[in-house]
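Down below is the structure, laid out as C-alpha cells.
The values are calculated or read from the model by the stated rules, or taken from the named source; none is laboratory data. All values reported here derive from a predicted model rather than from experimental measurement. FYI the Cβ positions are ideal-geometry reconstructions off the backbone, even for glycines, and counts take in every protein chain you see.
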Amino acid sequence: MIDEFLKERRKYPRFELNLDAKYKVIDYENVFRFTNAKNISAEGLCFESDEFLKTGLYVQLEVDLKDSNPPVSMTAEIMWSGKAHPGSGRKYANGVKIINMPIGDEARFLKYYCDRIVEKLSGYLK
C-alpha cells in the first residue's frame, strides 16, 4: 500500500528550471502578477505566488521560454497549491494542468519541453 502512495502520479517527467512568467486568476483579476515557473512537463508546470490559490481555479499564464519570441500564453487549472521552498521569495507553489493554448504557442512549448528531454538524455551518452 505504501508503494502505491509513493508512486509518481505524473504522466510526463518534470524538468526543474527558472523561467520568467506572469499569471492572473481568470474571472477576478485584470492585472498580471509577475512570478517564476519552477518546473515544466508536457501538460503542466509549477509557478510560485504570494497568495494561496485554491484547487480548481483557472489562471491565465504567460511564460517566457527565452527564445527571442513573445511569451507563450496558456489557460491552466490549479491542481494543487502548497508552501513554497524556503528562500524562494514566494509563499506558495502551484501546480497547474494546461487546459488550452494557442496552436503556435503549444508547438513552441512542446518543442522547448522536448529539447529539455534531449538535453537530459544526451547526458547519459557521455
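Just a few scattered comments:
- Test set (1) hydroxyl-bearing (Ser, Thr, Tyr); (2) modelled with pLDDT under 95; (3) over 12 Å from the mean Cα position of the chain (by Cα) - residue 55 fails condition number: (2)
- Region 27-72, residues that are part of a loop (DSSP other than H, G, I, E, B), β-branched (Val, Ile, Thr) and closer than 18 Å to residue 93 by Cα: 55
- The sole residue among 108, 116, 90 that is within 16 Å of the chain's Cα centre (by Cα), at pLDDT below 95 and either within 15 Å of residue 62 (Cα to Cα) or part of a loop (DSSP other than H, G, I, E, B) (or both) is 90.
- Flag if residue 99 is at pLDDT below 95 and under 22 Å from residue 15 (Cβ atoms): no
- Scan of region 70-117 for residues that are surrounded by fewer than 13 Cβ atoms within 10 Å (Cβ to Cβ), hydrophobic (A, V, I, L, M, F, W, C) and touching a Gly at 6+ places or on another chain (Cβ under 9 Å), ordered by number: 80
- Test for residue 41: is it under 18 Å from residue 15 (Cα atoms), modelled with pLDDT under 95 and buried (at least 16 other Cβ atoms within 10 Å of the Cβ): yes
- Filter pass, residue 123 being in a helix (DSSP H, G or I) and either at pLDDT below 95 or farther than 18 Å from residue 18 by Cβ (or both): yes
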